[in-house]
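Asks: Okay, handing you the structure first.
The values are calculated or read from the model by the stated rules, or taken from the named source; none is laboratory data. All of these numbers come straight from a predicted model, not from anything done at the bench. Note that we place each Cβ from the backbone using ideal geometry, even for glycine, and neighbour counts take in every protein chain shown. Just so you know, the surface numbers come from the protein's heavy atoms only, side chains and all, with ligands and any DNA or RNA stripped out. Shrake-Rupley method; radii C 1.70, N 1.55, O 1.52, S 1.80 Å.
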Amino acid sequence: MQFLFPLFLVALASIAIPILIHLFYFKRYKKIYFSNVSFLKSVQKTTQSTRKLREILILLARSFAVIFLVLAFAQPFFEVRGKVKTGAKRSVIYIDNSFSMGLSGEGASLLENAKLNAHEILDALKADDKVKIITNDKDISSSDWMFKDEAISRLNDIKISSVTLPLSKVYAAAKREFDQSNAVKKEIYLLSDFQRSTSDVNSFSDTSIFVNLLPVVAAARSNVYVDTCYFAEPIQASGVAGSLVYTIVNSGNAEARPRPVLKVNNNPKPLPSLSLEPGERKSDTVQLSAVKSGWQSAIVSVSDAPIQFDDDYYMCWYVPDKNNVLVLNDNSTNSFLNLALNSSGRFNVNNLEYNQFSEKLMDQNQLIILNGLKNPGRPLLDAVVNYLQKGGNLFIFPSATGSGLLALSDLLQLDISISPTKITREAGSVNIYDETFKNVFKGKLTDIKLPVTTLNFPINSKSARGAVPLINYKDGSPYLVRYSRQAGNVYLCSAPLDLAYNNLVRNGEVLVPVLFKAAFASLSKQSQGLTIGRNQTFQIPYVNNEQDAILKFTGPQTFVPEQINRNKLITINTGKENIKPGVYDLNARTGKLMGKYAFNYDRKESEMDFLPMSSLKNLTSEHVKLLEPKSQSLLASIVREQDEGWVLWRLCLIIALFFLLIEVLLIRFLK
């Protein structure tokens, strides 16, 4: 037992007052003469013994009344948790308002139950205590410390949000606020369903901060959702079927039979029904073929309740009609190269002498091929750098003499030797994991005829920054390498594109896919679906018109993203805006369409996997307490006990009054 005001115990000396009264109280007797008092002797003895017992009982009653009255003023208590402190108290109440808190709990949603618990906590606080309320979508530093009346009014404004917040960030933010305050008593209340995906705290290190874990438990856990959608092929072409892969997940605790629906450009297309066991996920594929070129959109949906934020998955992609290819030659064109480009029907090919180039013409092409240039010159080299900064794709075939190769290698850091190796060499392997050859070869690679060269310039791909070998010789040295340069790509072949040195032009099954993927490489970088709240970035070509430079998203709602114009590109930062999911047009101020982009809610909240009570109990310690749902009905009294300990002053006061009552009864009825 401890005392909140121990100095009051000095007043126990006042117990001497009833004792002194008892010792020095002399009752005066009046003499009455009787003729014979022998008959009163026995009565006198009985009366004296009764009087002494009465006085002792009155003394005890008065003494105990004084003792317990003094104890009441000293306010005794038993510690419930830690050392009870006096002084300013600050409390942080975190209310998880993520999507999973929309599940049904006891009589209401989990969020409503958490808000009711928050009311109980606030009711238990003292009038001069201050509090801050944290939610996933409200930054703690943006609000001031509030008295409990203001905090209670704020609870009604809390709604379900798409934003998720790990518990580690909640604890860190609360700790910062406590460090900046003068609080003696610091308390955190975590009201959450403690979903495993966001409950990333293994311990609460600061022992000066008391942490209360208040889990709210769902009555049933049911959620079927669309996890993801994507094309197996990174590039889509009009008239060519693409494989759309979609994944459906049952994160509930009962079997589900969803029937997903696909809408492509608002045209519905039913998908096969699925049977999913609890916790099972299934992926399926549907073939899609774009009838026309341009921007395409799709949505895969399931019907599910009560969690519905993840029932739809949106995606967008661009299907080009034909890509423009500019071939810069040195005195002669390559008929085999022209044949390979024109036979696919996917390119508009323009052959020019390298000294006839212009930057404006280069910007109009998705792929530029430098074919055997012996002396590219500084103007062309500068134009190449600007072209790559805008996200262009460059393919280099060296000349047989190696002239001009040094200038290109130094400019683009290609690390290629200008001294040729004049031996017959055969390519032996293809990097099928790179986007260039991914899903290109359906059969065995042993059935593919790879290039053979009689002259090549060795490439040191290991030392070159951002170099990825695409085709290697049998000895492991690179034949074809891709470099990431600026915002674009550079493809470098180690051998000239001449039948006298390189038979690549006769291997259409290799040359055509390489040129096709190189020309469409910028499309493979396009995100088919962005995640809300993840602060993702992407780049688009620079807008020369100043009126078009300010871009905005238009769709289910309108917002202006963060955008930076740099190096001939506009970098778009989607930020952490709490926007609605769907398909958005990215428009310039003049209305020019810059692209279509799909936004989806983060699936982190979709998995109905929560920490069990045993895991939460493992977090408890002297300064961390778990309040299980069955004990939350007495939450207000528990909070008071934790704050003040097991307070005994009321009991002491009642006992003091009881002994005073005993004294009155003794005086009145015990004559």
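Asks: Based on the Cα atoms of the chain, what semi-axes does the equivalent ellipsoid have, where each is the square root of 5 times one gyration tensor eigenvalue, given in whole Å with the largest first?
Replies: On the way: eigenvalues 1490, 132, 94 Å².
They are 86, 26, 22 Å, listed largest first.
Asks: Evaluate the distance, in nm, between pseudo-label points positioned 7 Å from the Cα of residue 441 and of residue 10 along their respective Cα→Cβ axes.
Replies: Between residue 441 and residue 10, the label points sit 9.6 nm apart.
Asks: What whole number of Å gives the distance from the Cα centroid of the stretch 403-432 to the Cα centroid of the stretch 277-308?
Replies: The stretch 277-308 and the stretch 403-432 have Cα centres spaced 44 Å from each other.
Asks: Reachable aspartates and glutamates from residue 126, Cα under 19 Å, same-chain residues fewer than 8 places away excluded?
Replies: Those aspartates and glutamates meeting the cut-off are 79, 144, 149, 150, 187, 641, 643, 644.
Asks: Starting from 0 in steps of 10 Å, tell me what percent of the Cα-Cα pairs of the stretch 410-500 lands in each bin.
Replies: Pair shares across the bins are 16, 48, 31, 5.
Asks: For residue 669 and residue 475 in the same chain, what is the full-extension length gain: residue separation times 0.36 nm, less their Cα-Cα distance, in nm? Show your work: numbers first, answer last.
Replies: Details: separation 194, 0.36 × 194 = 69.84 nm, distance 11.73 nm.
Using 0.36 nm per residue and subtracting the Cα-Cα distance, I get 58.1 nm.
Asks: In the stretch 375-517, with Lys and Arg counted as +1 and Asp and Glu as -1 at Cβ, which of these residues, 456, 407, 418, has the Cα nearest the positive end of the dipole, that is, farthest along it?
Replies: Comparing the listed Cα positions along the dipole, 456 ranks first.
Asks: If you don't mind, another one. If you line up the long axis of helix 41-74 against the longest principal axis of the chain, both from Cα atoms, how many degrees apart are they, to the nearest 10?
Replies: So the helix axis and the longest Cα principal axis differ by about 20 degrees.
Asks: For the Cα atoms of the chain, what angle does the longest principal axis make with the long axis of helix 635-644, in degrees from 0 to 90, nearest 10?
Replies: Helix 635-644 sits at roughly 70 degrees to that axis.
Asks: What value, in deg cm²/dmol to 500, does the helix sum -39500 (n - 2.57) over DSSP H runs of n ≥ 4 give at 222 nm once divided by the residues of the chain?
Replies: On the way: 14 runs with 166 residues, N = 671.
That calculation yields -7500 deg cm²/dmol at 222 nm.
Asks: How many nm is it between the label spots at residue 562 and residue 159, if each spot is 7 Å from the Cα in line with the beta carbon?
Replies: 2.5
Asks: Now a separate question. Where the only charges are on Cβ atoms (+1 Lys, Arg; -1 Asp, Glu), what is the dipole of the chain about its Cα centre, to the nearest 20 debye?
Replies: 3100
Asks: Given the whole protein assembly as supplied and a 1.4 Å probe, what does the accessible area of residue 203 come to in Å², nearest 10?
Replies: My reading of the accessible area for residue 203 is about 80 Å².
Asks: Okay, next question. Quick check on my link table: of 292/360; 89/132; 185/625, which ones sit more than 18 Å apart, alpha carbon to alpha carbon? Display every interim value, and only then the final one.
Replies: On the way: 292/360 28 Å; 89/132 12 Å; 185/625 15 Å.
Beyond 18 Å: 292/360.
Asks: Working out 0.36 nm times the residue gap between residue 146 and residue 332, then minus their Cα-Cα distance, what length gain in nm do you get to one decimal? If you can, show how the numbers build up before the last one.
Replies: Working: separation 186, 0.36 × 186 = 66.96 nm, distance 7.95 nm.
That pair, residue 146 and residue 332, stretches by 59.0 nm at full extension.
Asks: A further question follows. Kindly report, to the nearest 10 Å², the accessible surface of residue 330 as traced by a 1.4 Å probe over protein heavy atoms only.
Replies: 20
Asks: Which order, highest average first, do 111-120, 347-356, 556-565 follow once you tally other Cβ atoms within 10 Å for each residue and take the mean per peptide?
Replies: Taking the mean over residues of other Cβ atoms within 10 Å, the ranking is 111-120, 347-356, 556-565.
Asks: To the nearest 0.05, what FRET efficiency results for residue 465 and residue 578 with a Förster distance of 30 Å applied to their C-beta separation?
Replies: 0.20
Asks: Compute the long axis of helix 110-124 from its Cα atoms, compare it with the longest principal axis of the Cα atoms of the chain, and write down the angle in degrees, 0 to 90, nearest 10.
Replies: Computed tilt is about 40 degrees.
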